[in-house]
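Engineer: Pasting a structure here, questions to come.
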Amino acid sequence: MEIARLYQYFKACNGVATDTRKLKHGSLFFCLRGENFNGNRFAQDALDAGAKYVVYDDKDFKPASENALFVENSLTALQALARYHREQLNIPVIGLTGSNGKTTTKELIYAVLSQKFDVLATQGNLNNHIGVPLTLLRMNASTEIALIEMGANHRGEIAFLSEIARPTLGYITNFGKAHLEGFGGVEGVVLGKSELYTFLRETKGKAIVNGDDEKQLQQSKGLNQIVFGAKQDKALQMHNSTNEAGFCVVHSNGMEITSNLTGAYNFSNLNAAVAMGVFFELSPEQIQQGIASYTPTNNRSQWKTTEKNRLLLDAYNANPSSMTAALKAFSSSNNAGKVVILGDMLELGEYSTTEHQSIVDQLEKLHFEKVYLVGPFFESTNYPKYFNVFKTTAEVSIALQEHNLEGKTILLKGSRGIALEQLLDQL
């Protein structure tokens, strides 16, 4: 089926769905396949649940309805439809990627730009080959700016997603030690994330660039740049500090912008959001209000106060770069009774052993009151005897019940698969 024709069906619907459990009446439903499932099995169920049309690619499950639309591949049809829809809307599209801080930066930029514009942004972790198309297909005539987060764990993904989203403006948070297994090392990460710069260069787009990051300056050469940073030759000056409560404060263009974020690693995220606000000509008051309105949630740099302790919950994701940054920031904070509970960093492949040992070596020098390590990779390191090391989250949970922690400030950080948030009841 031609995309232009499929687009007419899309326009007659009130949204797109791929899960019958989240289906809205009048939606266009795509039957997607995976390694362990075949969405075509639910084609008829989707129609019965109120889908206006169903796109399927397996004739063995053809629904008995003239509202069933056959395509060769439902996923590629979804992606092509998203690109076609994006091309119909002449609006700024911001492409956002990087190793660390993507989601926090996205939420900050959204909070700022929403003070002036109708902004559509990626929800949750819908930043892959399915999530990006679904996000783009949420754009409508009232959308003034689209903010598209793009994730990747191997080279070629950012280039592919850029071809679908067609960003006019881009920002790369950083190049860090994330998904080293898929990218084949740090240099692979740099090349993979820089595919966004390549797309913008080829399409005469623009990039917001952290001028204090030499790698970003190098990789973005030849682009129309909007540079921010603390160096004197940068177009947009940014100076950072912390207030008495430990929260990050940005000073720029006569503005003093106080956030609800802690940790020096958040300064670049905040600076990027401020730079976006300046680029889109928001007033200082609008930028300040946007930053002030953002409070971290969803286990990302999220402070929680319990009956027993104060927790910094950063258990949504972890890699060597973000772990190192979090430990340095936590170590330098003015909190008493500092305890760290760290979970394994996943998807590091052949780098797992050396990177986990590196974190252990750093921990020895930082002198926290107590250290808890969770996971088989940390368990296999050469750690000091006074560290508390466990293979699973369930094991450390039992230990924490037996040896109560009270009156402490505790950092919890680990990869999503370790699920350190399960320890909250004990803390």
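The values are calculated or read from the model by the stated rules, or taken from the named source; none is laboratory data. Keep in mind the model is a prediction, meaning the values are calculated, not measured. Counting neighbours? That spans all protein chains shown, and the Cβs are built from the backbone with ideal geometry, glycine included.
Engineer: Give the number of residues within region 232-260 that are aromatic (Phe, Trp, Tyr) and in contact with a Cys (Cβ under 9 Å, 6 or more places away or on another chain). Steps first, please.
Structural biologist: Taking region 232-260 and keeping what is aromatic (Phe, Trp, Tyr), we get 247.
When the remaining residues are screened for being in contact with a Cys (Cβ under 9 Å, 6 or more places away or on another chain), the result is none.
Number of matching residues: 0.
Engineer: Separate question: Looking only at residues that are of a type in the set (Lys, Arg) and surrounded by 22 or more Cβ atoms within 10 Å (Cβ to Cβ) in region 169-207, which one is farthest from His356 (Cα to Cα)?
Structural biologist: Applying the filter and picking the extreme gives Lys193.
Engineer: Follow-up question, since we're still on this one. Within region 213-223, can you find the residues that are polar (S, T, N, Q) and part of a helix (DSSP H, G or I)? Steps first, please.
Structural biologist: Within region 213-223, the subset polar (S, T, N, Q) is 216, 218-220.
If the condition is that a residue be polar (S, T, N, Q) and part of a helix (DSSP H, G or I), then Gln216, Gln218, Gln219 are the ones that fit.
Engineer: With region 39-158 as the region, which helices (runs of 4 or more DSSP H) entirely inside it contain at least 2 residues that are in contact with a Gly (Cβ under 6 Å, 6 or more places away or on another chain)?
Structural biologist: Passing ranges, in order: 102-113.
Engineer: Quick one: is Val112 in the same structural domain as Val190 (by TED's automatic domain parsing), buried (at least 23 other Cβ atoms within 10 Å of the Cβ), over 19 Å from Arg416 (Cβ atoms) and β-branched (Val, Ile, Thr)?
Structural biologist: In short, yes.
Engineer: Within the group Phe377, Phe330, which residue is closer than 23 Å to Asp425 by Cβ, assigned to a helix (DSSP H, G or I) and touching a residue at least 12 places away in the same chain (Cβ under 8 Å)?
Structural biologist: Phe330
Engineer: Just for strands (runs of 3 or more DSSP E) wholly inside region 224-294: which have at least 2 residues that are assigned by TED's automatic domain parsing to the domain that holds Arg201 and crowded, with 19+ Cβ neighbours inside 10 Å?
Structural biologist: Here the list reads 224-229, 247-252, 255-262.
Here is a yes/no grid of residues against (1) within 26 Å of the chain's Cα centre (by Cα); (2) not hydroxyl-bearing (Ser, Thr, Tyr):
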position	(1), (2)
Ile341	yes, yes
Ser352	yes, no
Phe368	no, yes
Thr381	no, no
Lys391	no, yes
Glu395	no, yes
Leu405	no, yes
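Engineer: Answer with yes or no whether Ile91 is surrounded by fewer than 24 Cβ atoms within 10 Å (Cβ to Cβ), farther than 16 Å from Val16 by Cα and in contact with a strand residue (DSSP E or B) (Cβ under 7 Å, 6 or more places away or on another chain).
Structural biologist: yes
Yes/no per residue for (1) within 17 Å of Ser301 (Cα to Cα); (2) modelled with pLDDT under 85; (3) surrounded by fewer than 20 Cβ atoms within 10 Å (Cβ to Cβ); (4) not assigned by TED's automatic domain parsing to the domain that holds Val189:
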position	(1), (2), (3), (4)
Leu312	yes, no, no, yes
Ala318	yes, yes, no, yes
Ser331	yes, no, yes, yes
Asn335	yes, yes, yes, yes
Leu348	no, no, no, yes
Thr353	no, no, yes, yes
Glu369	no, no, yes, yes
Gly375	no, no, no, yes
Pro384	no, no, yes, yes
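Engineer: Pick out the one residue from Asn271, Asn298 that is under 23 Å from the mean Cα position of the chain (by Cα), of a type outside the set (Gly, Ala, Ser) and modelled with pLDDT of 90 or more.
Structural biologist: Criteria check complete, one pass: Asn271.
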